[in-house]
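Below: the structure, in structure tokens.
All of the numbers you see were taken from the coordinates with simple rules; none came from a lab. Just so we're clear, the structure is a prediction, and the values are computed from it rather than from any experiment. FYI the Cβ positions are ideal-geometry reconstructions off the backbone, even for glycines, and counts take in every protein chain you see.
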Amino acid sequence: MIQKVRTLLVIGASGLLGQHLVHQGKGTFERVIGTYHSNPFQIQGVKVERLDVVSERSVSDLFEKAHPDFAILTSGLTGVDYCEEHPEEAVALNEVGPLNVARACSELETKLVYISTDYVFDGEKGDYVEDDEPNPISVYGRTKLGGEKNVLNTTHDSIVARVCVLYGWNRITSKRNFVTWVLDNLESGKAVKLFDNQIVTPTCADEVASVLLKLVEEDVSGVYHASGSQKVSRYQFGKHVAEVFDLDVGKLAPVSMEKVGLPAKRPRDSSLIVRKIEEELNIKMRPLPLSLKHMRESR
Ligand SMILES: NC(=O)c1ccc[n+]([C@@H]2O[C@H](COP(=O)([O-])OP(=O)(O)OC[C@H]3O[C@@H](n4cnc5c(N)ncnc54)[C@H](OP(=O)(O)O)[C@@H]3O)[C@@H](O)[C@H]2O)c1
């Protein structure tokens, strides 16, 4: 009997989450394709393609050529302050891109997972479940919510997976995330000020990649919260990082969000409840210090 070759397409594979997805996807799917936009990369066993999601033509050409069974859309304009100051670019990447991808998926019956964010919420409540009403307070949050709607309204075989403060090793570009930024500062002896009144549920890229690869194969659709399960302030998060990596906790200082004038408003408490995904996949998200320990071990 001929075994069907199942193809996974990861859009944004040069990004933090995307690179972990293609690495791990090689273990599950017979064919893995990863796209980049400005940062070409090479990973053994992964077919690399350049893609601009904003171009409907490029998206449909790639889908016609690759015929993926599954697509995970991680690309986006992720700088919250940059989005605030460049709203048109944010709409193009976070809304038009997902619409183009969702149309191609619908056409070819490709199952789609779209990666979204806790920033679709206003942060007044915290402990958000999937049924809670989004109410974004920034351009980034509004455009990601627009992307969610475009995906869910365009193709029925789709999942929106919301994550929150992604962290992990980035082995493709020098772009830092919360943990690598704290580490760079502490390891060079610098003091770091961290918000003590912004509450999040940090998401380990390596861990969530394996969860998403399970989710994409399930016969489910709709919204899933897929962050870590532990709720912390950014200051507490930094303390965990310093402790796990044996660095000087005393270099961390708490500061309130209101004291730092940033262009975009941030939700005060955008913590996500992940019970639905844990129950349906029969998994448990790791406690934050354990995920950080794994990260340290894989340095
Ligand atoms: N980072 C966080 O803390 C966080 C929190 C919540 C939700 N999220 C969501 O999670 C997803 C993944 O985040 P991440 O941190 O892994 O992202 P990232 O590291 O910023 O990577 C973004 C990816 O998008 C690609 N890209 C940029 N412009 C593109 C275009 N026009 N066409 C196609 N691809 C394009 C980039 O390619 P090149 O690098 O090659 O240009 C890169 O592969 C995002 O959708 C984000 O909204 C992130």
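Quick one: in the chain, what % of C-alpha pairs are over 32 Å apart? Looking at the chain, the distances longer than 32 Å represent 22 percent of pairs.
Nearest 20 debye, what's the magnitude of the dipole of the stretch 218-278 about its Cα centre given +1 on Lys and Arg Cβ and -1 on Asp and Glu Cβ? Can you show the working numbers first?
Details: 10 positive and 8 negative charges, 83 e Å.
It works out to roughly 400 debye.
Taking every alpha-carbon pair under 8 Å whose residues sit at least 6 apart, the stretch 219-299 reaches a relative contact order of 51 percent.
Remark: relative contact order (the chain) = 19 percent; criterion is Cα-Cα distance under 8 angstrom and separation of 6 or more residues. Just to be sure I understand the curve: with the Debye formula and one point per C-alpha of the stretch 99-215, what is log10 I(q)/I(0) at q = 0.19, 0.22 Å⁻¹? Computed log10 I(q)/I(0) values: -1.17, -1.33.
Modelled this way, with points 7 Å down the Cα-to-C-beta line, the labels at GLU89 and ASP184 are 1.8 nm from one another.
From the mean inverse distance of alpha carbon pairs (Kirkwood) and the Cα radius of gyration, derive Rg over Rh for the stretch 17-79.
Taking Rg over the Kirkwood Rh, I get 0.93.
Distant-in-sequence amide contacts of ILE72, defined by a placed amide H-H separation under 5 Å and a gap of 5 or more residues or a different chain, comprise LEU9, VAL10, ILE11, VAL113.
Subtracting the Cα-Cα distance from 0.36 nm times the residue separation, let me have the gained length for ASP219 to ARG57 in nm, one decimal. Walk me through the numbers on the way to the answer.
Working: separation 162, 0.36 × 162 = 58.32 nm, distance 2.92 nm.
Between ASP219 and ARG57, full extension yields an extra 55.4 nm.
When Rg and Dmax are taken over the Cα atoms of the stretch 208-299, they come to 16.3, 48 Å. For the chain, the longest principal axis of the C-alpha atoms and the axis of helix 288-297 are separated by about 80°. Distance from the C-alpha centroid of the stretch 146-203 to that of the stretch 40-103: 18 Å, rounded to the whole angstrom.
Quick check on the stretch 1-134: what does the Kirkwood estimate of hydrodynamic radius come out to from the alpha carbon pairs, in Å?
Values: mean 1/r = 0.0631 Å⁻¹.
The answer is 15.8 Å.
Sequence gap at least 6, Cα distance under 8 Å: using those rules, report the relative contact order of the stretch 119-244 to the nearest whole percent.
Details: 152 pairs, mean separation 35.6, N = 126.
Taking the mean separation of contacting Cα pairs over the length of the stretch 119-244, I get 28 percent.
Taking amide H as placed 1.01 Å from N in the peptide plane, the amide H of SER116 sits under 5 Å from that of ALA161, ARG162, VAL163, each at least 5 places away or on another chain. Could you work out [θ]222 nm for the chain from helices alone, using -39500 (n - 2.57) per DSSP H run of at least four and dividing by all its residues? Round to the nearest 500 deg cm²/dmol. That calculation yields -10500 deg cm²/dmol at 222 nm.
By how many degrees, 0 to 90 and rounded to 10, does the Cα axis of helix 56-66 deviate from the longest principal axis of the chain? Here the helix axis deviates by roughly 70 degrees.
Starting from the Cα-Cα distance between LYS284 and LYS125, subtract it from 0.36 nm times their residue separation and give me the gain in nm to one decimal.
On the way: separation 159, 0.36 × 159 = 57.24 nm, distance 2.37 nm.
Once the chain is fully extended between LYS284 and LYS125, it gains 54.9 nm.
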